[in-house]
Structures are given as structure tokens and as C-alpha cells.
Amino acid sequence: MKVENFGQELRGKMSKEKSFIIEDTNVVPNKTKFAICFSIDNSYAKYFSVVLQSFILNCSKEVNYDIIVLFNDLSIENISRLSSDLPKNISLRFYNITQIKEKFIDKNKFKPRGYWSESMYFRLLIPEIFKNYEKVLYCDSDIIFNDNIDKIFSIDTEDKSLLVVLDSVAQELKYNKKRKKFIENELNIKKSSCYFNSGVILFNLSKIDNEKYFESLTLNLKNHRNLLFPDQDLLNIIFQDKVKYVSQVWNFQVNIQIYQQAHLPYYEQEYLNDYLAAKANPIIIHYSGSEKPWQNPFLFLHYKFWEIAIKSNFYTEILYEDFNEKLKLISNKNSINRKYLIAKILSWITFGRAKIKIKEERVKLKVKVRTIKNIINGDY
């Protein structure tokens with residue numbers, strides 16, 4: 001086989017099987033009017049493979065599933081590896097977002113931010129891409145399915161456009177006045193305590209008017225150029241009165257457990273009860289925040305990720321990434337220890353917002369210090 005023909009032949013082979021690349025302007029349902037959607041690039045393909053394995057382990061064998069991956073930068077090799085050895089009841093398809101990206105994302109000058117790539121914006125285009133569907137469950141690729149998710153499609157949406165889970169920051173705003181002010185004044189969100197997370201969202205597409213939605217999206221992009229969490233902030237602005245909140249079992253965000261555990265007893269009782277119930281038996285575990293289980297071996301529920309990762313055919317690459325992260329930490333040991341000591345001292349002598357910010361940084365650095373210590377001692 002000639003090398004230049006490999007991609008074309010592989011595409012042809014995949015189109016005859018369960019997995020193939022979609023290059024039309026929208027996605028047509030495959031056996032069902034419900035779909036599960038992800039958005040990845042080459043750098044996240046290996047982690048998505050773990051997500052996919054966790055789904056396979058927990059899905060019903062009697063139900064047909066339509067999984068669509070939105071991509072702009074994803075190699076044929078990664079598509080092929082992700083598509084291998086799928087159960088017969090799972091259809092995995094890859095939607096090349098290039099055309100619609102040029103129409104909406106490039107036009108509005110979407111930009112990557114921090115550790116988020118451009119692919120974070122792709123979920124904003126779901127109403128257009130999936131207009132032939134009734135409901136689409138969007139999930140980030142830093143999650144793990146810990147149980148069967150079929151029930152989420154039958155939850156009564158009460159004519160709302162989205163099913164969502166409160167963001168973990170919602171209960172933290174009493175400690176973060178600056179963020180609270182930003183959400184209420186800059187984003188014009190009436191109740192900051194209702195701010196939701198965009199990592200797991202069920203789109204009730206029959207209740208979304210595409211024309212009005214994209215008008216609102218374009219307008220808010222012009223009016224808000226310095227969003228902290230771009231896709232999440234935009235969805236909160238547009239749908240703030242059109243969402244139904246569901247239990248945290250559907251999007252259990254682990255970052256509170258790492259950084260703000262001391263605050264938990266002071267959360268509103270209803271939220272705390274739901275949090276504790278979700279913690280005991282989460283359906284979807286979301287490794288939200290900047291630290292991931294392949295970076296921090298002491299992240300809460302990290303072992304759930306590694307239990308699945310070993311079943312992935314990307315396991316060696318994930319281990320290599322894990323090794324590199326540990327190596328970076330050890331190499332920067334003195335610098336991290338010094339930063340932690342400075343943050344610790346400053347947290348004693350500062351006041352107000354500066355103290356809050358420094359204490360948050362101190363907690364993060366303490367996790368890294370502890371991680372380095374355990375890596376050196378071999379206790380990981």
C-alpha cells in the first residue's frame with residue numbers, strides 16, 4: 001500500500017464499519033434521536049480513550065448508543081485507534097468541524113485561554129451541528145463514567161433548554177467576592193449562586209431556537225471580551241433562565257475536595273447533602289480544575305481514572321505523560337518549596353482579597369509539595 005493512499009483507504013474502511021468521519025454540515029441521527037458528544041484534539045485523544053473505555057464498561061448492552069466526537073485537529077491514526085474493538089451497540093463517529101468553525105468560531109475570533117484549547121468552544125455549536133436530534137449529552141474529556149447514564153435522557157426537562165449541575169464555585173463565592181462581583185456585574189447573571197458547570201450538559205434541542213441562540217451568542221461575544229471561563233460564562237449568560245438543575249451525581253467535580261475541603265461544612269445544607277450523596281456514588285466523575293489524575297497521583301478519586309486507563313490502548317502514552325509530570329515536579333522541587341514557604345508566610349500577614357488569593361495559591365502549592373515528597377519516597 002502506498003503511504004499517500006493510507007489515509008484514503010482507512011477512511012473508506014471506517015465508513016463501511018461502525019466508525020467514520022462525518023464531513024457534512026450537520027449530523028444525522030444513527031438509530032436514535034439521542035446522542036453523546038465530546039470535543040477533543042490530538043493532545044487529548046489518549047485521555048478520551050479512557051473516557052470511552054469507562055463508558056463501554058458501564059453502558060447497557062441492550063441499548064444502541066450514538067457517540068459523536070467533534071474535532072478540528074485529530075489524526076487518522078488516533079481516530080483508528082479510538083475506533084478499534086468497539087461493542088456492536090456503540091456507534092462512534094467523528095465530525096470534522098472545519099466548515100462550521102470557519103462560519104462561527106473564526107468569524108467571532110474565539111481564542112484559546114490558559115490550559116483550554118480552541119476545542120472548548122465547539123460545544124457552543126451543538127444546537128447547529130445536532131439540529132436533527134432531540135437531546136444531546138455533552139461531556140468534557142476529563143471525566144469518567146462511573147455508572148450507566150441512560151436515565152439522564154428520560155429526566156423531565158420541564159420545557160427547559162438545558163439540564164445542568166451547579167458549578168463547584170457557586171458555594172465558594174462567599175469566600176471569593178471578586179469572582180462573585182464578576183459573575184453578577186460583568187456577566188449580568190442575576191443569581192451567582194445559580195452559576196452552572198459546562199463540563200456535563202444535556203441539550204434539550206427542541207427547546208432551543210437556533211436563530212435567537214446564535215444572535216445572542218454573537219452579541220455576548222462582542223459585549224464580553226474578557227471572560228474568565230469563556231464557553232461556560234457564555235452558556236450561563238444565554239441560558240440563565242432556561243436551565244433545570246440536577247444532582248451532582250451527574251457531574252461530580254472533584255476540585256473542591258482538593259482545594260477547599262475546609263469550607264464544605266459551611267455550604268448550604270441542601271447543596272452539602274447532595275454533594276455528600278454524589279461523593280458516595282457519582283455517576284459521572286469530573287476532574288475539573290487545572291490538575292488532572294495523570295498529573296497528580298493524590299487527586300481525589302484519581303484511582304478511578306487509572307483503573308480504566310490500564311484498559312486503554314493509549315495506556316503507554318498516558319504513563320509516559322504521568323512520568324514526565326512527576327519528573328517536572330521533582331526537577332522544580334526547590335522552586336516549588338520556596339514558593340510554598342513564601343505563600344505560607346504571606347497568608348499570615350496579608351488581609352482581605354489578597355489574603356484569600358494567597359491562601360488559595362498556598363493550598364495548591366502544598367498539594368505539589370506533598371506530591372513531590374511522596375514521589376521521592378515511592379508512596380504513590
Item to check | Least to most buried among E291, E360 (fewest other Cβ within 10 Å first) | outcome: E360, E291
Item to check | Rg to Rh quotient for the range 3-286, alpha carbon positions, Kirkwood Rh | outcome: 0.96
Checklist outcome for this item: Here the residues of the range 243-263 lying in the modelled label zone of A277, meaning backbone nitrogen under 13 Å from a point 7 Å along Cα-to-Cβ, are 246-250
Checklist outcome for this item: Cβ density ranking, 10 Å radius, fewest first, applied to Y175, Y95, Y44 yields Y175, Y44, Y95
Checklist outcome for this item: Cβ density ranking, 10 Å radius, fewest first, applied to V367, V51 yields V367, V51
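We did not get these values from a lab; they are worked out from the coordinates using the rules stated. Note that the coordinates shown come from a computational prediction; the quantities given were computed from them, not determined experimentally. FYI the Cβ positions are ideal-geometry reconstructions off the backbone, even for glycines, and counts take in every protein chain you see.
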